[in-house]
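Beneath this line is the structure, given in structure tokens, with notes to follow.
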Amino acid sequence: MIVLGIETSCDETGVAVYDTARGLRSHTLYSQIRLHADYGGVVPELASRDHVRKLVPLVRECLAQAGLGLADLDGVAYTAGPGLVGALLVGAALGRALAFALEIPAIGVHHMEGHLLAPLLEENAPQPPFVALLVSGGHSQLVDVRGIGDYALLGETLDDAAGEAFDKTAKLMGLPYPGGPHLAKLAQQGRPDIYTFARPMTDRPGLEFSFSGLKTQVLLAWQQSDQGEQTRADIARGFEEAVTETLAIKCERALVQTGRGALVVAGGVGANRRLRERLAELAERRRVQVCFPRLEFCTDNGAMIAFAGALRLAAGEREGAAIRAHPRWDMATLPALASA
Ligand code: ATP
Ligand code: MG
Ligand code: FE
């Protein structure tokens, strides 16, 4: 089954073709980073309008890369939520309309299920059950994946998401938008143990996270410092150590609590080198498997949506002609994948 995937939930326009027989056939991505940089954050109306401009050309380019035409498609998957409603509607309207015109099924994919399944596009990926750490710009969650579509939330952030904490912390130290990757790069020049910040909520049981206090700690440290280049790198290093160690501690707890033998990591912060090192070390020590998406599939992309949608369409899921867009949508309400 050949499925076109469309992602427009935020500031990336992503398109991909996934073939259940041959794997990923092609993927194209356009990032709106430059469009929003002057504002220091995503401006929803600008995002929607830019998706309108970029989406159709990207679909054409993606099909051409795969050497396919519209008539070769067997289904269309689009991100139905969660995300910015105007942005979601662009992908949903095109995806649903294309499927209607081609007389093929369409499916609205949950963006976080897309992230969660992205590691399974890699070779030697584990099959459920496993624990998933979802760390993106809007979410920080530990999920017990009992099967595809069968998700139990183990814990989540009480305030900022991990990616959001990276972005806000970077911003308060004057780093350019989007801050997360800049801060991570700077941390590589930072010296260890010059700044030590709290590991929030690791002193009590549970799998919840909280990152907003950490951001305040960094703000105070930065304000009281000489604000020089080396100091900024040292603080960045201290912050990255605090976040990644906190995440690793909670992952270990989740593995112990569930008894699962594999950990899957997804979302933009999954691209963080230090986090990958720590989780690889944890996996070796606990003798579990750890699996990450390739770097480009950590942040938003069309491949994860094509893949998640293809799994559901191939299992026989179908939906009506309505265009779906759910700005808020709880992943635990998804149906478990019907076993083939
Ligand atoms: P959501 O998926 O929750 O709706 P989103 O789609 O905006 O949010 P992603 O695209 O998965 O999130 O990830 C973007 C986030 O990842 C940003 O907050 C960014 O700063 C962060 N990020 C990207 N690369 C790195 C890195 N190397 N280190 C730390 N954070 C990173
Ligand atoms: Mg983005
Ligand atoms: Fe995302």
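All of the numbers you see were taken from the coordinates with simple rules; none came from a lab. From a predicted model like this one, the values you see are computed outputs, not experimental measurements. Glycine also receives a Cβ, built like all others from the backbone with ideal geometry; neighbour counts cover every protein chain displayed.
Observations on the model:
- Against the chain, whose longest principal axis is taken from its Cα atoms, helix 212-223 shows a tilt of about 50°.
- Taking the longest Cα principal axis of the chain as reference, the axis of helix 303-314 is set at about 50 degrees.
- Peptides 64-73, 256-265 ordered by packing proxy, namely the average of other Cβ atoms within 10 Å per residue, highest first: 256-265, 64-73.
- Ranked by the mean number of other Cβ atoms within 10 Å of their residues, highest first, the peptides 95-102, 281-288 fall in the order 95-102, 281-288.
- log₁₀ of I(q)/I(0) at q = 0.08 Å⁻¹ - the chain, Debye sum with one point per alpha carbon: -0.37
- With Cα atoms, 0 to 90° folded angle of helix 85-102 axis to the chain main axis: 30
- Under the simplified labelling scheme, the Gln224-Arg328 pair shows an inter-label distance of 3.8 nm, with each label point 7 Å from Cα along Cα→Cβ.
- Of the residues Pro293, Pro44, Pro178, the one that moves most in a GNM of the chain with alpha-carbon contacts below 10 Å is Pro44.
- Taking every lysine pair in the chain that is 8 or more places apart or spans two chains, those with Cα atoms closer than 20 Å amount to 6.
- Between Val56 and Ile33, the contour length at 0.36 nm per residue exceeds the Cα-Cα span by 6.4 nm.
- Restricting region 75-133 to GluC sites (Glu not before Pro) in coil, as DSSP defines it, with at most 10 other Cβ within 10 Å: Glu103, Glu123
- Of the trypsin sites (Lys or Arg not before Pro) found in region 290-340, those in coil by DSSP whose Cβ has at most 12 other Cβ atoms within 10 Å are Arg318, Arg328.
- The modelled label-to-label distance for the pair Glu156/Glu45, using points 7 Å beyond Cα in the direction of Cβ, is 2.9 nm.
- Those residues of region 60-87 whose amide nitrogen sits under 19 Å from the label point placed on Glu319, 7 Å along Cα→Cβ: 74-87
- Rough spin-label spacing in nm, given labels placed 7 Å along Cα→Cβ, for Arg294 and Asp74: 2.3
- Of the trypsin sites (Lys or Arg not before Pro) found in region 1-95, the ones in coil according to DSSP and having at most 15 other Cβ atoms within 10 Å of their Cβ are Arg22.
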